[in-house]
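Contents: one structure, followed by commentary.
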Amino acid sequence: MKKKFVFFLFSPLFLYPKEISFLEKGKNACFILQKSYPESIKNCSDEFLILSDDRKILLYDSLLKRDIESMASNPDVLSVFYFPYNQGIKNDAGRARLYPLLEITYGKTKKEVQKNLKKLDFLGQTLFFNIKNGAYNAFQKIILKLKKLIQKKPELKKYLLPAAGTFSYRKISGTDRYSAHSFGIAVDLNVKYSDYWLWHKDWEKQTYSYPVEIVKIFESEGFIWGGRWEHFDTMHFEYRPEFQKKD
């Protein structure tokens, strides 16, 4: 009699304790994302994040290397929160993006995204931002706070204007991944008073400063700041409500 072997592609029963811990973190990440993207995420199963169009994203991929390039290129749900944001240590928290989630939320194509863009007045400069999932409203609140800030500290206005832009349908340099600007959910402020890791040969040793008041205003409304990244981009602010601290 021939023996039959049954192979399980995935089951929590066959995971090591460390992997079970990662799977649990993946589940927790899914629940956080579901609260932040309620119209886009249908459910969190034992293995997958399930989008409203029934596409699935694996909670935890045991074969995925836990470096930023691997997680940014082929992220599981755990990748989104693998690095803690704003914990006093520079890392690349937020650079791993779940593109199926962004597409279903903000637009799958350039035309779809453009239909979701709305004009706003950024301190006298016209910009466009995505109206979906609270992004536009959050940016409007930020503008009001920035107006009050520069009334008290007019010297900070130079960091804001002219803004380099918001919507730009393009891929991140040197990758096949679309920038957050492609979805109309990011803004680059004044390039003249910013810093970017690719501008420096020894970027790991580079130090920089940026007004903490501006950073706190953006972060208070669900934006993350590229200046907190190991691969820093101090002009960049991106709407990622899943990272917003809840009171």
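The values are calculated or read from the model by the stated rules, or taken from the named source; none is laboratory data. Because the structure is a prediction, the values reported are computed rather than measured. Glycine gets a Cβ as well: all are built from the backbone with ideal geometry, and neighbour counts include every protein chain shown.
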**Q.** Matching entry among 70, 79 (being surrounded by 14 or more Cβ atoms within 10 Å (Cβ to Cβ), of a type in the set (Ser, Thr, Tyr), more than 20 Å from residue 243 (Cα to Cα) and at pLDDT 95 or above)
**A.** 70
Q: Scan (1) part of a helix (DSSP H, G or I); (2) over 21 Å from residue 71 (Cα atoms); (3) under 17 Å from the mean Cα position of the chain (by Cα) for the single condition residue 182 breaks and write down its number.
A: (2)
Q. Is one or more of the residues making up the stretch 114-131 modelled with pLDDT under 95, in contact with a strand residue (DSSP E or B) (Cβ under 7 Å, 6 or more places away or on another chain) and among the aromatic types (Phe, Trp, Tyr)?
A. no
Q: Looking only at the stretch 132-151, decide whether some residue is under 18 Å from residue 106 (Cα atoms) and β-branched (Val, Ile, Thr).
A: no
Q: Go over the candidates 50, 32 one by one and state the one that is touching a strand residue (DSSP E or B) at 6+ places or on another chain (Cβ under 8 Å), among the hydrophobic types (A, V, I, L, M, F, W, C) and either surrounded by 13 or more Cβ atoms within 10 Å (Cβ to Cβ) or modelled with pLDDT of 90 or more (or both).
A: 50
Q: Could you list, in sequence order, all residues of the stretch 112-147 that are surrounded by fewer than 19 Cβ atoms within 10 Å (Cβ to Cβ) and under 26 Å from residue 50 (Cβ atoms)?
A: 112, 115, 131, 134
Q. Tell me, which helices (runs of 4 or more DSSP H) wholly within the stretch 40-153 include 1 or more residues that are more than 21 Å from residue 183 (Cα to Cα), in the same structural domain as residue 223 (by TED's automatic domain parsing) and free of Cβ contacts under 8 Å to residues at least 12 places away in the same chain?
A. 135-152
